[in-house]
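The values are calculated or read from the model by the stated rules, or taken from the named source; none is laboratory data. Note that this is a predicted model, so its numbers are computed, not measured. Neighbour counts run over all protein chains shown; Cβ positions are idealised from the backbone, glycine included. Quick note on the areas: whole protein, heavy atoms, side chains included, nothing else; ligands and nucleic acids left out. Shrake-Rupley method; radii C 1.70, N 1.55, O 1.52, S 1.80 Å.
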Amino acid sequence: MSGVRTSVFAYVTESPEYRAILTVFAGTFFAELTPAEVTARLDTDLDEGTVTARLEALRGWGNLEVSASVGQVGTVEDYYRRRNRYLITRVGQEVHDVVEGVLSQVDDVRDVSLGRLDQLRAGLDLLVGLDAGTAPPDRLAEAVRAVFDPHVAFSAEITQFFAAINQWQSRFDLDEDEFAFFSEVLVGYVGERLEALRRRARPVGALLETVLPRVPVIVERAADGLAARVAAAGLSSVRVRREPGAVEADWENLASWFLGAPGRPSRIQVLERDAVDAVRTLTQNLTRLSRSGTAGASRRADYLRLALFFDRSDPGSVHEIAAAAFGLAGARHLGGAGGDDTDPVDAAVSWWDAPTAQVPVSLRERGDTTSRGRTSRVQDRSQERRHLLAKRAEAERRSAAARAELVEAGAEGFTARLSEPALRELQRVLTRAVADLGPALSPGASGTVTLDGVRCTVARAPGTSTSVPTHAGALRVRDLTLTVEPAP
């Protein structure tokens with residue numbers, strides 16, 4: 001399962017086409033779509049063959065799955081068309097929601113709602129007022145949820161906000177709007193938030209000191225929900241996500257946010273200290289950027305002016321501007337004839353246009369081409385060769401077993417259920433036999449093909465039907481008689 005959980009994120013680093021395809025499925029509420037339907041819904045110029053390849057890749061990663069519903073089909077073509085329907089998996093839907101949520105909010109500044117601390121305090125007040133030994137379990141469970149629900153939301157918000165502050169302290173490329181935001185809004189806002197956070201965290205810590213001695217009894221008696229019932233039933237193989245506060249470790253983590261220990265400050269204190277350091281550094285950077293006429297002034301305007309020179313200059317002048325600004329002279333080969341016939345271009349061609357030069361390792365690292373050391377031994381590939389031969393022999397053995405199973409099933413009138421390999425062999429010979437039959441509609445017309453020791457014959461017989469049971473469903477061949485036998 002660990003491989004599946006990580007592979008479902010593989011599409012994020014691949015082509016944006018995968019995200020577009022998953023977006024089509026994410027809005028369908030687990031509907032089944034064919035590659036043609038997906039292609040029609042995409043706002044791109046992808047062809048159906050490319051979309052099919054992308055769908056198969058997503059299915060391999062676990063984001064999509066193939067529909068198991070075939071229904072009633074009249075022809076082989078209809079059978080495979082119905083089998084070629086995709087739908088999004090549950091984990092694929094959740095991963096898509098998480099990825100799109102992160103990518104859409106990665107540059108957003110998220111506010112911190114300190115009102116969640118008031119909700120947390122109210123939940124602790126309710127829990128303090130209950131007798132952990134005699135209160136009804138459902139009321140205890142409700143009080144525990146009233147404590148942890150606002151804390152989970154608060155911890156996520158404040159961690160993301162202060163992480164953004166730590167990243168902003170190294171910004172040296174602020175434009176006018178960003179400069180105004182940092183200097184006029186953010187610095188004052190952080191100071192106010194830190195003071196309000198400190199004021200509201202103190203009573204929460206005092207209430208936690210009262211509740212913590214009762215935690216073992218609360219955890220034992222407040223066990224509620226699906227996770228508790230699964231555990232009580234002894235179903236260890238079923239994994240259910242438990243509610244926060246169901247174990248003592250959750251309470252220890254909650255206490256670490258508001259209560260410190262000797263040598264270990266609370267999480268709130270650590271965030272305050274980091275935020276103060278970050279704001280101090282940010283203020284220094286703002287002071288530096290606000291100065292003009294000194295060596296510490298921002299160079300942003302100068303770089304924009306230089307970029308304007310590059311944009312408005314002709315190609316010949318661009319090299320001169322680059323040489324004057326950065327000391328980057330034009331890159332050219334030194335004159336001279338090529339060393340041998342393998343030189344792909346003339347030595348006067350610019351490095352910009354010429355292909356990458358192949359420089360020997362000794363010349364690149366030591367400056368000469370003198371051979372050193374002993375000649376390497378020829379690598380022994382016998383083990384890899386034996387592995388490939390064994391792999392090929394195993395594949396041939398499986399194919400032979402599948403053909404033998406198909407011939408045996410054909411001799412018995414296809415009463416036994418075919419395995420997946422035998423079904424693939426039947427598809428291979430049946431497709432070519434039908435092609436040999438052609439468009440002839442007269443009764444008695446037949447088509448025959450012989451492949452790898454298997455002979456397949458189909459003949460027109462209106463009103464007859466041949467049913468082949470498989471592990472994927474029944475394959476019905478209508479208006480045709482089907483005969484599979486060993487090749488003579």
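Here are a few things to note about the model shown:
- Residue match in segment 418-437 (condition: surrounded by 13 or more Cβ atoms within 10 Å (Cβ to Cβ) and either over 45 Å from the mean Cα position of the chain (by Cα) or of a type in the set (Phe, Trp, Tyr) (or both)): yes
- For beta carbons closer than 7 Å, sequence separation of 6+ or different chains, a first residue in segment 258-273 that is in contact (Cβ under 8 Å) with a residue 60 or more places away in the chain and a second that is assigned to a loop (DSSP other than H, G, I, E, B), the qualifying pairs are Ser266/Leu259; Ser266/Gly260.
- Sub-9 Å Cβ pairs linking a first residue in segment 445-467 that is in contact (Cβ under 8 Å) with a residue 40 or more places away in the chain and over 18 Å from Phe414 (Cβ atoms) to a second residue that is open to solvent by less than 20 Å² (accessible area, probe 1.4 Å) and among the β-branched types (Val, Ile, Thr), at least 6 apart or interchain, are Asp452/Val429, ordered by first then second residue.
- Taking segment 408-430 as the range and being aliphatic (A, V, I, L, M) and in a loop (DSSP other than H, G, I, E, B) as the test, only Ala416 passes.
- Breaking point among (1) touching a helix residue (DSSP H, G or I) at 6+ places or on another chain (Cβ under 7 Å); (2) outside any helix (DSSP H, G or I), for Glu405: (2)
- A single entry from Arg424, Arg392 fulfils the requirement of being basic (Lys, Arg), on the phi < 0 side of the Ramachandran plot and touching a residue at least 12 places away in the same chain (Cβ under 8 Å): Arg424.
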